[in-house]
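The values are calculated or read from the model by the stated rules, or taken from the named source; none is laboratory data. None of the values given here were measured: they were computed from a predicted structure. A quick note on method: Cβ atoms are made from the backbone with ideal geometry, for glycine too, and the neighbour counts reach across all protein chains shown.
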Amino acid sequence: MGSKIDVNELDKKMQEDGWKFFGAILDYKKAWKKQAAIYEKKGEYVVSGIDSTGENELHEPISKRDAEKQKQESLKKIRKFMFGILK
């Protein structure tokens, strides 16, 4: 079963509202397939995506500290995945 929500449309809506993409989260329990995006606007951060049910939008605040931590952890996972495939 897939989600009925288009993440590209969510991203477009966020950007039109002035939010800038900050990074990805690859292990967020409240998100569909544990994947979501972090956006920043005027020093505020939010997690945006599809909720874990796949039925609703996910949009919740996150602290700057947690946003930076999640972004770094996700980058580490991406690097491990990329370099693991290249071996």
Going residue by residue through the stretch 33-43, is there one that turns out to be touching a residue at least 40 places away in the same chain (Cβ under 8 Å) and not basic (Lys, Arg)?
no
How many residues, within the stretch 24-56, are part of a strand (DSSP E or B), out of contact with any Phe, Trp or Tyr (no Cβ under 8 Å at 6 or more places or on another chain) and crowded, with 19+ Cβ neighbours inside 10 Å?
2
Would you mind stating whether residue 67 is part of a strand (DSSP E or B) and small (Gly, Ala, Ser)?
no
Taking the criterion of being in a loop (DSSP other than H, G, I, E, B), buried (at least 18 other Cβ atoms within 10 Å of the Cβ) and without any contact (Cβ under 8 Å) to a residue 60 or more places away in the chain, would at least one residue in the stretch 12-21 satisfy it?
yes
Does the stretch 67-76 include one or more residues that are touching a helix residue (DSSP H, G or I) at 6+ places or on another chain (Cβ under 7 Å) and closer than 21 Å to residue 13 by Cα?
no
Restricting to the stretch 1-22, name every residue that is modelled with pLDDT of 95 or more and touching a Ser or Thr at 6+ places or on another chain (Cβ under 7 Å).
14
